[in-house]
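Following: one structure in structure tokens, then a few remarks.
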Amino acid sequence: MVINELIRAVRPSRGSLVYLLKTEQGLVAVDTGAEPRGALMVNEYVRRRFQEELRYIFLTHWHGDHTGAAEKLRELTGARIICHRDEARLLAGTGEIEYCWNRPMPRTGLSPFLRLVSAAGYGLMKANTAPLQPDILVEEGDMPFGSDWTVIHLPGHTPGSCGLWSARHRILFAGDTVLCAGEGTLCSPFSFLIQDSEKFYQSWCKLSRLGEIDWILPGHYRPLRWNKPLDILPAVRKYA
């Protein structure tokens, strides 16, 4: 899907959407999908549709449905992997992580039933959940790709969940903090996938202060032409 002259969205696996973004510092993949073989599809798409090499892989958070193809894509392209500083230990498998069926759980404190649900979900997506070492760590306000794109820290879903925001283009890469459930409809992840509900609510408050957003590019479902500010939904407010 073509968003504009700078951004295209592809779905290489059953995991997250992958966005390809042209920036001042080169071509960026925002997330990678779940399966390592998806990296082959992304790499081929880049070769056919862009006249430049992939320079960076920006991960919105550590979950395997977003990062599963990152190592293979780095191997194929030499691109450098970027994540938020608060996500690095989780991505590398050295943070506070619980396991079920040898799968890292998306957050701590899940009930036995929800652990099974999460493990089954990773299995259905064939998600690669192997530890991954990032090359570059970023924080709120950093501009790793030039002046058009700013890192926005959106904790709650995970500690280091983050997105990219362009005030010039009015475009938000939202990861799993904001999802698009249908035409003109926004939603949040299932509550059992939110690590810290208060921080999640505060992240939505931060997004509501951005002003008008032309495009919301979520980690799942589909991109949404929004053309207005992001309101605080009642479904999100209740988490606080």
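The single residue among Phe50, Phe58 that is over 20 Å from Cys180 (Cα atoms) and free of Cβ contacts under 8 Å to residues at least 60 places away in the same chain turns out to be Phe50. Based on this model, can you work out whether Leu114 counts as crowded, with 18+ Cβ neighbours inside 10 Å and in contact (Cβ under 8 Å) with a residue 12 or more places away in the chain? When the stated conditions are applied, Leu114 does not pass them.
Say we look at the stretch 164-190 and pick out the residues that are touching a helix residue (DSSP H, G or I) at 6+ places or on another chain (Cβ under 8 Å) and at pLDDT below 90; which of these is surrounded by the fewest Cβ atoms within 10 Å (Cβ to Cβ)? Among residues in the stretch 164-190 that are touching a helix residue (DSSP H, G or I) at 6+ places or on another chain (Cβ under 8 Å) and at pLDDT below 90, the one surrounded by the fewest Cβ atoms within 10 Å (Cβ to Cβ) is Cys187. Being surrounded by fewer than 23 Cβ atoms within 10 Å (Cβ to Cβ) and among the polar types (S, T, N, Q) is the requirement here; does Ser161 meet it? Spelling it out, it is not the case that Ser161 is surrounded by fewer than 23 Cβ atoms within 10 Å (Cβ to Cβ) and among the polar types (S, T, N, Q).
The values are calculated or read from the model by the stated rules, or taken from the named source; none is laboratory data. In this text, all values refer to a predicted model and were calculated from it rather than measured experimentally. Because the Cβ atoms are built from the backbone with ideal geometry, glycine has one as well, and the counts that use them run over all protein chains shown.
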